[in-house]
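Below is one structure, written out as structure tokens, with a few remarks after it.
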Amino acid sequence: MNQPVIEMNSVGKRFGKLTALDEVSLTLGEGEVLGMMGHNGAGKSTSMKLILGLIRPTSGELKVFGHDPGGTAANDLRLRLGYLPENVQFYEQLSGFEVLDYFARLKRIGSGVVKPLLERVGLGHAMHRRVKTYSKGMRQRLGLAQALIGEPRLMLLDEPTVGLDRAGTRQDGGTARADGRPRDRRSGPGAADPGVALRSLRRDNS
Amino acid sequence: MRNLMIVAGKEFRDGLRNRWVLAITLVFGLLAIGLAYFGAAASGQVGFTRVSTTIVSLSSLAVFLIPLIALMLAYDSIVGEDEQGTLLLLLTYPMSRVEILSGKFLGHAAILGVSTLVGFGVAGAIIAALGSVEQLGELVAALALFILSAMLLGWAFIGFAYLISVSVSEKSKAAGIALVVWFFFVIVYDLALLGVLVGTGGQVSEGFFHYLLLLNPTDIFRIVNLTFFEAARTQAGLASIGANAAFHPALLIGSLLAWVAVPLVLALWIFRRREI
């Protein structure tokens, strides 16, 4: 059975008088990468929040892995999701290791995954330093590592390349690909800066 | 339940890491020892004074300090995480909003509880060891009651802090409201009661007045600690009215517990409806 990962059917979302999303339909299958581009306020982050089940659509139908993301299966779905919010600032007083360990345990995963994940995003050397000493790019890498916890089957990355240098961006693509390709199941829309999004999309289709 | 404990543990570790636990413990400990030793300085002598005097001066200072510390500790609990983006992230993890808020509350309650217990407890031990305490039993009982009521008072104000924190969208606003709440319960409420009492020439029914005191957790805290010592009533001020009402200690502690529970439940209720 090849069930789509995300199915949006004329989904709309209104905040009072403001229409954030109007009749959006899309389908995302396993192994697909979707880049979402749009001007500020186009509804990219709103779409992600809908997919994450943080907010409910005011109209239309939305299914993630065949379930309502805000419904009773939410906790089960969330174990399979990885999310990187935009502009997230992690707990300054904790070290990178402690931050990731906290999130890993909340996802019911042992501390064993923390070190390899930090090494994968290139933070192995700084993992016992407090987050407040991290540069912008290092914080973004920590965020990516957080989204990768538990081998999620769907990753939602909001502006994932903010603060990353070119090497970081390439490495990021490499990380997603190294994980995604062999199992061929990682999917994810990401709101991103157009150039990078196009580059990663092209890579995926090549 | 498991996630609740993880959140609580992380919150407590934060408290250790940013020195909240150490700072509060030191303030409480030094305050208690200082008051015990210099409490009688006004009457021309220095040295450990009577237990009753110490507890009475301690509770009249703690009643200002504990609510302030509790509010400062927790006012940004939810709104702070919202501003830094981690609240959004936590909500995408497999746990409920009730678990997040209860876990954080438990962590903050532990920070204040441990600090209160250690700070005042160690101070009590030092007073018992160095001072000439005639009746050790009395000191232990008075201090135990003081610590218990101090913890409950602190937790009640952590509850207020959470209520503020889930209701606003900016940290600075939460800080402002926290200050107003502190000012109201610690100062304005008693002044207003006093005003009513004097303005009406004491016409207010006494029983009714007693229950008005139960509507303020800081007054309950005062009554609990002042009524323990018969001798202290002369110095009790407004709360001595409550002392005469001879509320049963269990009723007083129960009322304090209600003051912990009600703001917390309200905060949970609002948090579940909070837009993110």
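Read-outs throughout are calculated quantities, based only on the coordinates presented, and are distinct from any laboratory measurement. Note that the coordinates shown come from a computational prediction; the quantities given were computed from them, not determined experimentally. Positions of Cβ are backbone-derived with ideal geometry, glycine not excepted, and every protein chain shown enters the neighbour counts.
Please compute the contact order of the stretch B:20-129 in relative form: average sequence separation of alpha-carbon pairs under 8 Å and at least six residues apart, divided by the residue count, as a percent.
Numbers: 81 pairs, mean separation 51.5, N = 110.
Contact order relative to length: 47 percent.
On average, how many beta carbons from a partner chain sit within 10 Å of the beta carbon of a residue in A:102-108?
Details: counts 7, 6, 0, 7, 13, 4, 6.
Per residue, the number of nearby Cβ atoms from other chains is 6 on average.
Return the calculated 222 nm mean residue ellipticity for chain B, to the nearest 500 deg cm²/dmol, obtained by summing -39500 (n - 2.57) across DSSP H runs with n ≥ 4 and dividing by the residue count.
Working: 13 runs with 214 residues, N = 276.
It comes out at -26000 deg cm²/dmol, rounded to the nearest 500.
Provide the descending list of Cα extents for the stretch B:90-231 along its principal axes, expressed in whole angstroms.
Each principal axis gives a Cα extent; for the stretch B:90-231 these are 58, 49, 24 Å.
Considering chain B as a Gaussian network with a 10 Å cut-off on Cα pairs, which listed residue, B:Val186, B:Val265, B:Val46, attains the greatest mean-square fluctuation?
Highest fluctuation among the options: B:Val46.
What is the mean projected area of the alpha carbon convex hull for the protein assembly as shown, to one decimal in square nanometres? Let's see the in-between values first.
Details: hull surface 112.6 nm².
Taking a quarter of the hull surface, the average projection is 28.1 nm².
Mind checking which of B:Arg97, B:Arg19, B:Arg222 has the largest fluctuation in a GNM of chain B, springs on alpha carbons under 10 Å?
Highest fluctuation of the listed residues: B:Arg19.
Cut-off under 14 Å on the C-alpha distance; same-chain residues fewer than 8 positions from A:Lys115 excluded. Which aspartates and glutamates are left, in chain and number order?
A:Glu98, A:Asp101
Give the aspartates and glutamates whose C-alpha is closer than 12 Å to that of A:Lys63, dropping any in the same chain fewer than 8 places away, or say none.
A:Glu7
Taking the simple approach of a point 7 Å from Cα along Cα-to-Cβ for both A:Lys115 and B:Leu26, what is their distance in nm?
Simple spin-label model gives 3.5 nm for this pair.
So how far apart, in nm, are the two label points at A:Leu18 and B:Val265 if each is 7 Å from Cα heading toward Cβ?
3.5
Within 10 Å of each Cβ in B:9-20, how many Cβ atoms from other chains are there, averaged over the peptide?
Working: counts 2, 9, 0, 0, 5, 5, 1, 1, 7, 3, 1, 0.
The per-residue average across the peptide is 3.
Nearest 5 percent is fine: what portion of the DSSP beta bridges confined to the protein assembly as shown is antiparallel? Before the final figure, lay out the partial values.
Working: 14 of 25 bridges.
So the antiparallel bridges in the protein assembly as shown amount to around 55 percent.
For A:Asp68 and A:Arg129, what is the calculated FRET efficiency with R₀ set at 41 Å and r taken between the beta-carbons, to the nearest 0.05?
Details: r = 41 Å, r/R0 = 1.01.
Calculated value: 0.50.
In terms of the ratio Rg/(2.2 N^0.38 Å) built on C-alpha atoms, what value belongs to the stretch A:1-67? Walk me through the intermediate numbers first.
Values: Rg = 12.0 Å, N = 67, 2.2 N^0.38 = 10.9 Å.
In units of the 2.2 N^0.38 Å rule of thumb, it is 1.10.
Average the reciprocal distances over every distinct pair of alpha-carbons in chain B, invert the result, and give the Kirkwood radius in Å.
Working: mean 1/r = 0.0507 Å⁻¹.
Its Kirkwood hydrodynamic radius stands at 19.7 Å.
Picking from B:Gly154, B:Leu30, B:Ile6, whose Cα lies most toward the positive end of the charge dipole for the protein assembly as shown (charges on Cβ: Lys, Arg +1; Asp, Glu -1)?
B:Ile6
Once you average over the residues of A:75-84, how many Cβ atoms of partner chains fall within 10 Å of each Cβ? Could the numbers behind the result be given before it?
On the way: counts 5, 1, 2, 5, 2, 1, 3, 1, 5, 1.
Taking all residues of A:75-84 together, the mean is 3.
What percent does the relative contact order of chain B come to when contacts are Cα pairs within less than 8 Å and at least six residues apart? Walk me through the intermediate numbers first.
Working: 349 pairs, mean separation 72.3, N = 276.
Rounded, it is 26 percent for chain B.
What are the equivalent ellipsoid semi-axes of the stretch B:150-198, built from the alpha-carbon gyration tensor (square roots of five times its eigenvalues), in whole angstrom, biggest first?
Values: eigenvalues 118, 41, 10 Å².
The equivalent ellipsoid of the stretch B:150-198 has semi-axes of 24, 14, 7 Å.
Taking every pair of Cα atoms in the stretch B:1-69, average 1/r, invert it to obtain the Kirkwood radius, and report Rg/Rh to two decimals. Can you show the working numbers first?
Details: Rg = 17.0 Å, Rh = 14.1 Å.
Using Cα coordinates only, the ratio equals 1.20.
Nearest 10 degrees, 0 to 90: what angle lies between the long axis of helix B:136-167 and the longest principal axis of chain B (Cα atoms)?
In chain B, helix B:136-167 runs at an angle near 30 degrees to the longest axis.
Listed here are the pairs B:Lys104/B:Lys171; A:Lys49/B:Lys173; A:Lys13/B:Lys104; A:Lys136/B:Lys171; which of them are more than 20 Å apart at the Cα?
Values: B:Lys104/B:Lys171 17 Å; A:Lys49/B:Lys173 26 Å; A:Lys13/B:Lys104 31 Å; A:Lys136/B:Lys171 23 Å.
Correct reply: A:Lys49/B:Lys173; A:Lys13/B:Lys104; A:Lys136/B:Lys171.
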